[in-house]
Structure formats: structure tokens, C-alpha cells
Amino acid sequence: MKKKLQVEAIAHGTVIDHVPAGQGIKILKFFQLSAAQERITVGLNLPSGEQQQKDLIKVENTVFDENQANQLALFAPNATINLIEDFEVVRKFHVSTPEQVKGVFACPNSNCISHNEPIDSNFYVRHQQQDIKLKCHYCEKTFDRGLFSELD
Amino acid sequence: MNNPLYQKHIISIPDFSRQELELIVDTAQSIKQQPRPELLKNKVVASCFFEASTRTRLSFETAVQRLGGSVIGFADGGNTSLGKKGETLVDSVKVISSYSDAFFMRHPQEGAARLASEFSSVPVINGGDGSNQHPTQTLLDLFTIYETQGSLEGLKVAFVGDLKYGRTVHSLTQALSLFGCEFYFIAPKALAMPDYIIEELNAREIKYNLHDSIEEVVDELDILYMTRVQKERFDETEYQHMKSSFILRADMLKQVKENLKILHPLPRVDEITTDVDTTPYAYYFEQAENGVYARQALLALVMTNEFGAQ
């Protein structure tokens with residue numbers, strides 16, 4: 001039987017694979033991937049050997065830089081990023097959780113000074129068992145991933 | 001002289017090493033025994049209270065004056081450009097640090113002191129940032145414990161009352177855990193020590209015990225640290241029921257160790273009955289006085305190079 005691609009191949013761009021099912025839409029929204037008017041193909045709840053179900057995102061003519069890839073790790077710690085040129089994968093890498101996340105999320109503590117001042121928010125990323133926690137550099141409070149509205 | 005705190009900011013207890021905490025305690029002891037009335041001569045220290053405070057502000061300002069420095073500042077942020085004209089804290093800090101050789105600040109928002117330290121050209125001392133940190137309270141507590149016990153090592157220390165919201169209790173537990181102390185946490189379930197402190201103690205294999213009343217453990221202790229249980233956190237019946245387990249009376253101290261000292265960050269309401277005040281174990285008013293020596297020690301260390309490990 002002939003194997004068929006689940007989502008159509010792209011000529012140039014980035015394929016984000018092994019995204020946990022349910023996270024694909026959040027990633028699109030968070031990175032505002034649709035804002036650049038490039039063609040985006042999204043596969044939701046695709047069959048996957050290791051994960052049973054996964055999401056997959058293909059963004060044409062867009063290359064994910066390392067900083068974006070690290071932020072992506074907060075949504076999808078096991079995602080892989082494939083950079084495509086002329087229908088060929090020219091680079092493939094696993095995302096890795098960053099040690100620090102600056103200027104991306106608002107602090108969930110509404111009394112944190114970072115909300116009122118002309119500064120970037122700043123969090124230290126900590127692994128606790130299977131989970132990721134973020135500690136605010138300013139108010140020193142530690143938050144579960146789920147407390148960040150951007151990640152939820 | 002090796003003084004690792006010279007020109008450093010004092011923001012949060014977890015920033016300190018054991019050696020630095022010992023240096024502050026030693027310096028406080030030295031200044032208590034031998035006052036240094038000219039150490040900060042010709043220096044200006046700004047006292048910036050964006051939120052009102054009684055003990056902390058008075059003791060800081062006394063500390064500056066006892067070292068011969070001058071104080072400028074404000075006692076209520078509502079009357080500043082920041083409160084009235086909407087200036088950012090960042091801009092206020094840039095200006096204040098250009099007028100003074102160091103400043104201490106209290107602010108109602110968590111993280112304010114850390115932020116200030118990033119924009120200040122002179123040392124910043126945190127006098128309390130919202131519910132986050134109040135490091136100078138912890139340092140005066142450490143000095144008082146050292147003064148009464150002759151050591152910080154391996155003590156049995158109980159904390160009683162509101163362990164959930166009490167920032168003092170959290171920071172002191174973190175600091176004493178560097179010295180191998182054993183902890184006893186005595187609190188109603190609704191005000192128990194927060195998980196993150198318990199997780200830190202577990203991760204570092206530090207011994208702690210949970211109890212429901214003071215009497216269960218009081219005879220074993222070296223330090224009994226009392227805090228206020230805020231009535232407004234409970235309904236009246238619940239409060240009355242719970243109150244009796246977390247109030248210290250003189251008749252509970254009959255069998256205690258001779259070296260026991262009772263501490264309290266003050267103000268107290270009714271969690272220590274006044275008959276305890278005349279026992280040899282009460283030390284909370286001396287503790288408040290030690291606030292001046294501990295703050296003198298901090299000012300001396302961050303503003304001069306006179307003290308330090310040899």
C-alpha cells in the first residue's frame with residue numbers, strides 16, 4: 001500500500017512536529033503565526049506512534065529561530081522542528097526548555113511590580129518532576145504552567 | 001578586609017550565603033558592643049516609604065543617625081511624585097539614588113525592591129516589598145537568636161500562628177535551614193506553612209515537625225517564634241475555637257529549657273498574654289531593639305569597608 005503524507009508537503013518553511021494534541025491551536029495563537037499572511041497547514045489529533053495523537057503545524061516561508069523554539073518548549077516539550085528548503089529537511093532539532101523567559105508572559109501575580117513599570121517580565125524556568133514551573137524574577141513567586149493564560 | 005556586601009543591594013534572604021549571614025550577625029554584635037557614631041559621617045541615606053510603617057522606618061532612621069549619617073526621605077508614598085503625578089518607580093529610583101549614598105525602601109508591591117536595585121546607582125536595602133520579602137526583619141531575628149543562644153547551629157525552633165501569610169516566618173525558616181536547625185510548625189490547617197517552603201525543606205532533607213498546639217513541644221525548644229493570627233481570616237466561632245491552641249500563657253512555660261527565648265516580630269495582639277512579659281524567656285522587646293543594631297550592621301557593610309572577614 002502506498003504511504004500517503006497526512007499533511008501536504010511544503011517547499012520552504014518550518015514544520016513543527018510532535019506537538020501534544022490540543023496544543024496546536026494555542027501555539028498558532030501565541031506565536032501569532034497567522035498574522036504574517038503565509039500559508040499555514042495544521043493537523044490536529046493526527047495518529048502518532050509514541051504519543052497516540054499529536055498536532056502538527058506547517059508554516060510556509062517562515063523560519064523559527066532558537067528563541068522561538070525555546071518558547072515553544074513551554075507548550076510542547078517534546079516537539080521537533082524541521083526546517084525545509086526545496087521540499088527537503090535541511091535541519092531537524094528538538095526544542096529545549098529555556099532557563100529564562102523574558103518579556104513573553106505577564107506575571108500571574110496581579111500585585112507584581114512588573115505590571116506597572118517600563119520593564120520586561122522575567123521568569124526562571126524550573127523542572128519539577130514531569131512539570132515545568134516558572135519563578136518570577138521580581139515578585140519571587142513560583143507558578144504552575146497552567147496559571148499563565150498564554151499557555152493555557 | 002574581605003567584605004562581600006560592600007556596595008551590594010539587600011533584597012531577599014535567598015540571595016545570601018551562610019557566610020554573608022554570619023558576617024551581618026557578627027557586625028551587629030560588634031556595633032552593639034562598640035557603637036560607631038561617626039562611621040557614616042557626611043553620608044546621606046534616603047528613607048523611602050511608599051507604604052507606611054512604624055517600627056521598620058523608625059529603626060532604620062535611628063540606625064542611620066546612630067552611625068552619624070543624615071536621613072532624607074518620605075514616610076508615605078501618597079505625597080510623592082510617584083503617588084500624586086504618576087511617575088514610575090524606575091524614574092523615582094534614578095533620582096533618589098543620585099541624591100543619596102544608599103537608600104532603604106518599603107513598597108506595597110512585590111518585586112519593587114529588586115526592580116529598584118536594577119536602576120539604582122547606590123545600594124538599595126529592602127524594607128519590605130508587598131507580601132514578598134522583609135530581609136532586615138530576618139537579619140535582626142538571626143542576630144537575636146545568635147545573641148541569646150551563642151550559636152545559630154542545630155537549634156530547635158518553633159513557629160506559631162499564621163505560617164501561611166507571614167513573610168517573616170518564611171524567610172527566617174530559609175535562613176535558619178542553612179544552619180542545620182530543626183523546625184516545629186504549629187498552625188491551624190488553614191494557615192499552614194506554604195508548600196514551596198515544605199518542598200525546599202524536603203529537597204534539602206531538613207527535619208521539621210507539624211503540631212496542633214504549643215504545649216505539645218514547648219519543653220523541647222530553644223526558640224519559640226510567635227506570630228499574630230489575623231482574626232479576619234476566620235469566622236468568629238472558628239476563631240474562638242482555634243485561638244486557645246495558638247496563644248502563649250506564662251503557665252505553659254513551667255518545664256521549658258532554661259535557654260528558651262520567645263520572639264515575636266510585633267505588633268502582638270493577644271497571642272502572647274502579658275504575664276509572659278515578666279518571665280526570663282520573653283525577648284521580643286529586646287528583639288525589636290536589635291532591629292536598630294542589625295540595620296546599623298547592614299548600612300555599615302554596604303556603605304563602608306570597615307567590617308568584614310579577616
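The values are calculated or read from the model by the stated rules, or taken from the named source; none is laboratory data. Treat the numbers as computed from the prediction; the structure is a model and nothing was measured. Cβ atoms come from the backbone with ideal geometry, glycine included; neighbour counts cover every protein chain shown.
Worth a mention:
- Single residue of B:E61, B:E51 found to be within 14 Å of chain A (Cβ to nearest Cβ) and touching a residue at least 12 places away in the same chain (Cβ under 8 Å): B:E51
- In the stretch B:106-140, the residue that is surrounded by the fewest Cβ atoms within 10 Å (Cβ to Cβ) out of those that are closer than 21 Å to B:R55 by Cβ and among the acidic types (D, E) is B:E110.
- Taking the criterion of being of a type in the set (A, V, I, L, M, F, W, C), at pLDDT below 90 and surrounded by 19 or more Cβ atoms within 10 Å (Cβ to Cβ), the only residue of the stretch A:16-29 that qualifies is A:I27.
- Only strands (runs of 3 or more DSSP E) whose full extent lies in the stretch A:81-149 are considered here, and the ones with at least 1 residues that are within 13 Å of chain B (Cβ to nearest Cβ), touching a residue at least 12 places away in the same chain (Cβ under 8 Å) and among the hydrophobic types (A, V, I, L, M, F, W, C) are A:122-128, A:131-136, A:142-144.
- A:F64 being closer than 11 Å to A:I16 by Cβ and in a loop (DSSP other than H, G, I, E, B): yes
- Those residues of the stretch A:71-90 which are of a type outside the set (F, W, Y), under 13 Å from the mean Cα position of the chain (by Cα) and either within 15 Å of A:L28 (Cα to Cα) or surrounded by 19 or more Cβ atoms within 10 Å (Cβ to Cβ) (or both), in sequence order: A:Q71, A:L72, A:A73, A:L74, A:A76, A:A79, A:I81
- Filter result (out of contact with any helix residue (DSSP H, G or I) (no Cβ under 9 Å at 6 or more places or on another chain) and small (G, A, S)) within the stretch B:82-112: B:G86, B:S98, B:S100
- Residue check, B:G161 exposed (fewer than 15 other Cβ atoms within 10 Å of the Cβ) and touching a residue at least 24 places away in the same chain (Cβ under 8 Å): no
- Scan of the stretch A:96-115 for residues that are of a type outside the set (S, T, Y), surrounded by fewer than 16 Cβ atoms within 10 Å (Cβ to Cβ) and in contact with a helix residue (DSSP H, G or I) (Cβ under 8 Å, 6 or more places away or on another chain), ordered by number: A:A106
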